[in-house]
Structures are given as structure tokens and as C-alpha cells.
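Okay, structure first, notes after.
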Amino acid sequence: MEQFDFEALAKELIVEHLKTAEDAPTVAAEIVRKIPVSAVTGTASSLDPHMSVSAACRGVIGGMILLEKDLPATAVAILQQMATVAVETNQDPMECMTWAMEGMAAVCRLASPAVQDSIRYAIDEKFMGAGEVFEKLLRTGGV
């Protein structure tokens, strides 16, 4: 079965629709929510939720970097959507959060250490202990 490029779709949606959005992180997180839910629940042979969550997050964070939007707020907003993604796709919420951070970390490795730290701190402030997971994913290549 051919895999759809969710990363490219997410990045395209971000770049196309969020240039002037006032609350870009919230809109970006909603895009991340919709992509894996549609991929997993909207196909006859459900697609891999891990792959679709990670790819959507890579695309959204990549697009937000291109648009120079608030990455820490976007990361937090994305993680806030993972409970909904988990419920709607019958997945474990913690796994969905890890998959999301895996996708974000893959792109954030290209950002400056200061940006990486600000994202990690924002994540940890909202989700105690999750900042450490994000840090590990940054350093280990997401595995």
C-alpha cells in the first residue's frame, strides 16, 4: 500500500493558511489533530497512527519555522490535542504524545539550542516530565 505524505500535507496547510493567523499555534494544533484522525479512521485499511501523528507534527513544526511563528506555544498546543487524537483513534494518550514529540524533535534538531530549550521548557511547564522526553528525543534521533 502506498503511503501518503502527511508531512508535506501538514507543511503545505500551515504555510498556505497561517501566514496571517492571529492564533497560529492553536490552528496548527488543530491541523495536527485532523490529519491522523482522518488517516486512521477515514480509510478502509486504517493507516499507522504512529506514522501519521509523527509526520503531521514534522510538517506543522516545519511550516511554523518557515513562517517564524511561536514554536513553544505550537508544541504545547499540539500536545494538548493528543488526548483527542488518542480517543478518536483508539490509541494510548501517552503514546500519541510521544509520537508527536518524536515528530517535533526531528525538525527542532535543526533549530538553535535556545529555541530547543524554550520548546522543552514550555512542554515541561504544561506537562510535567514531558520536557525530559522531548530532550531525549532531540538527542537520540527520536528513537
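The values are calculated or read from the model by the stated rules, or taken from the named source; none is laboratory data. Remember, it's a predicted structure, so these values are computed and weren't measured experimentally. Backbone-built Cβ (ideal geometry, glycine too); neighbour counts: all protein chains shown.
A few points about this structure:
- Filtered residues of segment 13-33 (kept if at pLDDT 85 or above, part of a helix (DSSP H, G or I) and surrounded by fewer than 18 Cβ atoms within 10 Å (Cβ to Cβ)): Thr26, Glu30
- Residues that are among the hydrophobic types (A, V, I, L, M, F, W, C), without any contact (Cβ under 8 Å) to a residue 60 or more places away in the chain and crowded, with 21+ Cβ neighbours inside 10 Å within segment 100-121 comprise Met101, Met104, Ala105, Cys108, Ile119, listed in sequence order.
- Filter result (under 12 Å from the mean Cα position of the chain (by Cα) and closer than 20 Å to Ile35 by Cα) within segment 67-83: Leu71, Ala73, Thr74, Ala75, Val76, Ala77, Ile78, Leu79, Gln80, Gln81, Met82
- For segment 36-45, taking the residues that are touching a residue at least 12 places away in the same chain (Cβ under 8 Å) and closer than 11 Å to Thr89 by Cα, the one that is surrounded by the fewest Cβ atoms within 10 Å (Cβ to Cβ) is identified as Thr41.
- Residue in segment 90-109 that is within 21 Å of Leu66 (Cβ to Cβ), assigned to a loop (DSSP other than H, G, I, E, B) and either out of contact with any Asp or Glu (no Cβ under 7 Å at 6 or more places or on another chain) or of a type in the set (A, V, I, L, M) (or both) present: yes
- Cross-chain or 6+ apart pairs with Cβ under 8 Å, segment 57-72 first and under 22 Å from Lys126 (Cα atoms), then in a helix (DSSP H, G or I) and among the hydroxyl-bearing types (Ser, Thr, Tyr): Val60/Thr74; Ile61/Thr74; Met64/Thr74; Leu71/Ser118; Pro72/Ser118; Pro72/Tyr121
- Selected residue (criterion: nearest to Leu138 (Cα to Cα)) from residues of segment 55-96 that are among the charged types (D, E, K, R) and touching a helix residue (DSSP H, G or I) at 6+ places or on another chain (Cβ under 9 Å): Arg58
- Residue in segment 34-46 that is closer than 18 Å to Ile14 by Cα, part of a loop (DSSP other than H, G, I, E, B) and hydrophobic (A, V, I, L, M, F, W, C) present: no
- Enumeration of residues in segment 1-36 that are β-branched (Val, Ile, Thr) and closer than 14 Å to Ile78 by Cβ: Ile14, Thr26, Val27, Ile31, Val32, Ile35
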